[in-house]
Amino acid sequence: MKYYEVKFTISPFCSDACDLLAALAGEAGFETFEETATGLTGYVQQAVYNEQALKDCLQDFPFEDTRVSYEVAEAEYRDWNEQWEQQGFEPIVVSGARLRVVIHDGRHLPSDIPLTSPLSPLTSIEIEIDARQAFGTGTHETTRMICSTLLDLDLEGKRILDCGTGTGILSICALKLGAREAVGYDIDEWSADNARHNAVINQVDCRFTSLLGDASILNKVEGVFDLVMANINRNILLADLPAFRRKLAPGGYIILSGFYTDDIPCLKKKGEALGLTLVAQKESGSWAALLLH
């Protein structure tokens, strides 16, 4: 997955301005940030970077007498993969009322996490993720909130659409919870391939299809889906929600995440305009997830 590294300079420097800048840049597709002595360094996928969207976000920066400038460069491609190969991630547990999901990589097996105990007699479902330059290991709040939402739903025999599939973790989770089929797509070739790879590791590849493309590829996908999931930034969600709605079966659900709590009203309004009702919402830090019906 190729990224741009964008170095933001805030003059005069202010930590509160950094927080606001991160929120605004997140609306333009940026995924992660590192605070520096003079501002922030942000990372955004090259495939989704939109400089005009970034300029629009920064045009009316609300801090008076504060100037924000930036420089764009291509991030070193090899560093993203090397970091995962060297570090991986510790096992992550997402619990529901009756089940819990244990997410781990091949290096950090969940042997230290008891599958059941007198204090927590839950049935565990294990998911192994080999993150090869793809987003979605369960470490991010948005991924965990969607997994938690999946645990609350009856997925037995359901058909699932996974928009922006990344590592395929959400499809794999749904399939292990009883879904009969999952179709995922991603604009990044590494992610589409990685999702297939992880489906094989988790022995659900016979029920999983990974496609390369954006929401326009749904025009080539036959049939409708009982559940649509999308863990993408706000602007893409607003643009693609009509396409998600068209592929939703009567009585189906849509789970959205990848956006901030401040974005809830505009996404709720967009959903209502498409005939969708907000059923539930989750929040974790500044991040949010919505369940629409």
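Of all the numbered requirements in (1) modelled with pLDDT under 80; (2) open to solvent by less than 80 Å² (accessible area, probe 1.4 Å); (3) of a type in the set (Asp, Glu), residue 112 misses one, and that requirement is (2).
Residues in region 26-44 that are without any contact (Cβ under 8 Å) to a residue 24 or more places away in the chain and of a type in the set (Phe, Trp, Tyr): 1 in all. A count restricted to region 26-46 and to residues that are among the aliphatic types (A, V, I, L, M), modelled with pLDDT of 80 or more and either open to solvent by 60 Å² or more (accessible area, probe 1.4 Å) or under 16 Å from the mean Cα position of the chain (by Cα) (or both) stands at 2. Report yes if residue 238 is assigned to a helix (DSSP H, G or I) and touching a Cys at 6+ places or on another chain (Cβ under 9 Å), otherwise no. So residue 238 passes the test. For residue 17, the conditions (1) part of a helix (DSSP H, G or I); (2) farther than 27 Å from residue 231 by Cβ; (3) open to solvent by 50 Å² or more (accessible area, probe 1.4 Å) all hold with the exception of (3).
When residue 210 is tested against the conditions (1) touching a residue at least 60 places away in the same chain (Cβ under 8 Å); (2) open to solvent by less than 40 Å² (accessible area, probe 1.4 Å); (3) of a type outside the set (Lys, Arg), the lone failure is (1).
The residue that is modelled with the lowest pLDDT, counting only those in region 250-277 that are in a helix (DSSP H, G or I), under 18 Å from residue 142 (Cα atoms) and open to solvent by less than 10 Å² (accessible area, probe 1.4 Å), is 263.
Might you check whether a residue that is touching a Phe, Trp or Tyr at 6+ places or on another chain (Cβ under 6 Å), more than 22 Å from residue 54 (Cβ to Cβ) and surrounded by fewer than 17 Cβ atoms within 10 Å (Cβ to Cβ) occurs anywhere in region 224-243? Checked region 224-243: no residue is touching a Phe, Trp or Tyr at 6+ places or on another chain (Cβ under 6 Å), more than 22 Å from residue 54 (Cβ to Cβ) and surrounded by fewer than 17 Cβ atoms within 10 Å (Cβ to Cβ).
Looking at 179, 195, 215, 199, can you tell me which residue is without any contact (Cβ under 8 Å) to a residue 60 or more places away in the chain, crowded, with 18+ Cβ neighbours inside 10 Å and under 19 Å from residue 240 (Cβ atoms)?
Unique residue meeting the criteria: 215.
Being farther than 24 Å from residue 167 by Cβ, of a type outside the set (D, E, K, R) and part of a strand (DSSP E or B) is a property that holds for residue 280.
The residue that is most open to solvent (accessible area, probe 1.4 Å), among those in region 139-171 that are among the charged types (D, E, K, R) and within 15 Å of residue 232 (Cα to Cα), is 144.
Taking residues in region 256-284 that are farther than 19 Å from residue 30 by Cα, and partners anywhere that are among the β-branched types (Val, Ile, Thr), the pairs with Cβ atoms closer than 6 Å and at least 6 places apart or on different chains are 283/261.
State whether the residues of region 205-222 include one that is out of contact with any strand residue (DSSP E or B) (no Cβ under 9 Å at 6 or more places or on another chain) and within 13 Å of residue 171 (Cα to Cα). So far as region 205-222 goes, yes, one or more of its residues are out of contact with any strand residue (DSSP E or B) (no Cβ under 9 Å at 6 or more places or on another chain) and within 13 Å of residue 171 (Cα to Cα). Out of all the residues in region 1-14, which are part of a strand (DSSP E or B) and either in contact with a Ser or Thr (Cβ under 6 Å, 6 or more places away or on another chain) or open to solvent by 40 Å² or more (accessible area, probe 1.4 Å) (or both)? Selection gives 4, 5, 7, 9, 11.
The values are calculated or read from the model by the stated rules, or taken from the named source; none is laboratory data. A quick note: this is a predicted structure, and the numbers were derived from the prediction, not measured. Ideal geometry is used to build each Cβ from the backbone, glycine not excepted, and the neighbour counts take in all protein chains shown. Side chains are part of the model used for accessible areas, which takes the heavy atoms of the whole protein and leaves out ligands, DNA and RNA. Shrake-Rupley method; radii C 1.70, N 1.55, O 1.52, S 1.80 Å.
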